[in-house]
1. Looking for whichever is closer than 18 Å to residue B:134 by Cα and away from every other protein chain (no Cβ under 13 Å) here; the options are A:145, A:135, A:107. Which one fits?
2. Based on what the data block shows, is residue B:71 in contact (Cβ under 8 Å) with a residue 12 or more places away in the chain and buried (at least 16 other Cβ atoms within 10 Å of the Cβ)?
3. Would you point out which residue out of A:313, A:309 is in contact with a His (Cβ under 8 Å, 6 or more places away or on another chain), under 24 Å from residue B:304 (Cβ atoms) and within 9 Å of another protein chain (Cβ to nearest Cβ)?
4. Which of the residues belonging to the range B:7-31 are surrounded by fewer than 22 Cβ atoms within 10 Å (Cβ to Cβ), of a type in the set (A, V, I, L, M, F, W, C) and either over 21 Å from residue B:77 (Cβ atoms) or at pLDDT 95 or above (or both)?
5. Of all residues in the range B:107-146 being of a type in the set (A, V, I, L, M) and modelled with pLDDT under 95, which is surrounded by the most Cβ atoms within 10 Å (Cβ to Cβ)?
6. Going through the range A:299-320 one residue at a time, which ones are of a type in the set (S, T, N, Q) and surrounded by fewer than 24 Cβ atoms within 10 Å (Cβ to Cβ)?
7. Go through the range B:122-171 and report how many residues are facing another protein chain (nearest Cβ under 9 Å), outside any loop (DSSP other than H, G, I, E, B) and either out of contact with any Phe, Trp or Tyr (no Cβ under 9 Å at 6 or more places or on another chain) or aromatic (Phe, Trp, Tyr) (or both).
8. So residue B:220 clears everything in (1) among the basic types (Lys, Arg); (2) over 25 Å from residue B:291 (Cα atoms); (3) free of Cβ contacts under 8 Å to residues at least 12 places away in the same chain except one condition, right? Which one?
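The values are calculated or read from the model by the stated rules, or taken from the named source; none is laboratory data. All figures in this text were calculated on a predicted structure; none of them were measured in a lab. Every residue, glycine as well, gets a Cβ built from its backbone with ideal geometry; the counts of neighbours run over all protein chains shown.
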Amino acid sequence: MLLTPCKDRRVAILDTIFVLDGSCRMTYGGAERYLILLHKLLVDLGYEPHVWQPGEMTHEVEGIRVSGLPWGTVEYSGIPVLNRQFYEQTTGYDKAIYLAPNLAFPFLRPRSVVISHGIGWDYPTHPWITACGPFKEEWYRRLQFGLIAPDLLVSVDTNTLNWIRALWPGYEERTVYIPNCVDLDAYFPVERQREKVVVLYPRRLDLGRGLDDAKIAAQIITRRHDFVEFHFVGRAMEDADEAAMHRWVEEHPRCRYYWVPMHEMPAVYREADIVLIPTRVGEGTSLSCLEAMASGKAIVCGHVGGLTDLIIDGLNGRLINVTPETLTKAIEDLILHPETRCILGQRALATAQAFSLTAWKRKWTQALRAVWGAPGS
Amino acid sequence: MDHRVALLNTVFALDDTGCVTCGGGERYLIELCGLLRELDYDPQVWQPGTKTHEIEGIRVAGLPWGGMEYGTLPELNKQFRERTAGYDKFIYFVPVLAFPHVRPCSVVISHSVFWDSPLQPWTAHGGPVREEWLRRLHQAVTAPDLFVSVDTNALNWIRALWPGYEDRQVYIPSFVETGLFHPAEQSPDRQKTVVLFPRRLEWNRGLDAAKAAALVLTQRFATVEFHFVGQGAGAVTEDEMRHWAEAHPRCRYYWAPMREMPEVYRRADMVILPTQCSEGTSLSCLEAMASGKAVVCTRVGGLTDLVIDGYNGRLIEATPEALIAAIDDLFRHPDQRARLGAKAAETAQCFSLKKWRRRWAHALSTIWGDLHAVDPL
């Protein structure tokens, strides 16, 4: 019997930094968690994914083989040398995934997929937003290429897709919206009653994530209500910023700062009464927001990026134009109205069911089938 | 205090008949003028034209309008500026009217990102023509003291192109009269399933996709009916639609005056809004939701502010295939239809006319400052 040769099952994936050279330590941000989920899905579907990243070493982490590539320098937010190295190293592969649009320039493998995790250039100090003339045009040209030249753009939010359509319409049929997901087995609510109210900020210590707004709200509200605690839970990019945050909470009663490994986060959410996602810029369908929703919490969000895909103001949380004033008022309303907290939390929990891992896998499987055909066919 | 508010609109009342064209924009204007009067203001409306009309208690004066340039109406804008010397409060009803002159204490309203069509002349252009169009759009959306957007899409789009204006922007979603649009007391006892397309007969509202779905699904299921309910751009379009419906079994075309629309929604089993582009927080979508119907929407513009896929409706890709699959699924699963419809009705309560009025009153108090401070919720 003649065997028909199987189609190539290998998938080349290009990421930025997934594993740190020298330590074999993974950085556990949202993008890394995304890669782990996607890798597992690809394996389950019968593919053989292989990941490349900037670096010199080869790693094997969580069953994922990661090879290093020379990466040159960053140009107009992209990494063209890394892109070219990836293109050359993966000669013979016929399926590729670029984990972010800035990796997908200037060379593209055939049947390639690019993932947008949200719009990240929507703030006044972004280096290319502030540029003008031919430099800015070149940045736009590369951004446009990275987003729409691949065969499929998977966006975690509708915001990116709506933005692209209003700037470069006509590419709708090669784009798909697959919102992020939440592990409903790990994140779930618990019932309890107590006197104090815990307000949780479960984010990176970052201006764009609304840290300053949350600190001002904490100062005002803890002075007004002695039964309220603020917990800031998350790392900063720099050790100095974490040290500064430690000093800040020491000076402010009932404000706490700590961070915990990922597997302890479900318990952190469960201990909270109100969760703040006071993002001002650069947000997709935030994992923190989804995790808070699955934990049945009343959430206060900025009406920014993909958060608007998750929260409808007054239905399953509060969606505000974040300023210290609006944030303080929204939190205080929830502190003073436990019944509203309860209703918003219940509806947030019900909403989270629509963002299950199962739904995410189904959507990804369908999207991949559209560009790659059935696995192994 | 001067109570007068000068409001510049495009065409509200037709010069030859004095009749109001009853689209979403006109309903918005009537409600806004009603609110302004209730807040003790005296709104006076200008529009392109030669006559003065009095409609629903609103005085509408005509102005010479010149021609359209780069999507703006500079002559109309100039005429408005001259006629309203002495006024100190202004509302530009759409961004294209707020160029080149923008008066102090002015508000501009965005009803959607309307430039996201491949056929939109300025989007299709490149080079200096496109730059000039963008320059004028930039001024119109950022020069007024307050930018009111009916959706978060316009705010997110602007921030990712021209960040830094967030503090003069506010999101006030569209409204629905939940007293008029509400679920039927008894579900229709019948064998057929009615799919309603309650839109203008336009391709950008998804007419072609809806017709394609009707063709496939009326053949697939003997108990499905498609109702196309809305006006066309002219008698020819409507005649064509009538002939098309007559040629296809269980497809009907008609339109009903606004006061009969609540009943039209109540008679439906599901409502489709397969918008291709240029959509805000659609009144039709809100009305369908308030009527407790399962809605199938595309992930375009402000629809993403109303519908969360799988929670209170279906949010799909803008293709006929996706539309057919979603309607097919809802047809086969009446329990899912009922569940999504119930959640939609609950969602609609967050977009009540009462809340819309409070949000507007609060927003106006922040720039005109002579109102009692109003809590937006």
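1. Values: A:145 fails: closer than 18 Å to residue B:134 by Cα; A:107 fails: closer than 18 Å to residue B:134 by Cα.
Answer to the selection: A:135.
2. Numbers: in contact (Cβ under 8 Å) with a residue 12 or more places away in the chain: yes; buried (at least 16 other Cβ atoms within 10 Å of the Cβ): yes.
Against the criterion (in contact (Cβ under 8 Å) with a residue 12 or more places away in the chain and buried (at least 16 other Cβ atoms within 10 Å of the Cβ)), residue B:71 qualifies.
3. On the way: A:309 fails: in contact with a His (Cβ under 8 Å, 6 or more places away or on another chain).
So the residue among A:313, A:309 that is in contact with a His (Cβ under 8 Å, 6 or more places away or on another chain), under 24 Å from residue B:304 (Cβ atoms) and within 9 Å of another protein chain (Cβ to nearest Cβ) is A:313.
4. Matches in the range B:7-31: B:14, B:19, B:20, B:22, B:30.
5. The initial filter retains those residues of the range B:107-146 that are of a type in the set (A, V, I, L, M), namely B:107-109, B:113, B:119, B:124, B:129, B:134, B:137, B:140-141, B:143, B:146.
If we keep only those that are modelled with pLDDT under 95 as well, we get B:119, B:124, B:129, B:134.
Details: B:119: 11, B:124: 13, B:129: 13, B:134: 17.
So, considering only residues that are of a type in the set (A, V, I, L, M) and modelled with pLDDT under 95, the one surrounded by the most Cβ atoms within 10 Å (Cβ to Cβ) is B:134.
6. Filtering the range A:299-320 for residues of a type in the set (S, T, N, Q) gives A:308, A:316.
Passing the criteria: none in range.
7. Summing the residues that are facing another protein chain (nearest Cβ under 9 Å), outside any loop (DSSP other than H, G, I, E, B) and either out of contact with any Phe, Trp or Tyr (no Cβ under 9 Å at 6 or more places or on another chain) or aromatic (Phe, Trp, Tyr) (or both) in the range B:122-171 gives 5.
8. Looking at each condition in turn, residue B:220 falls short on (3).
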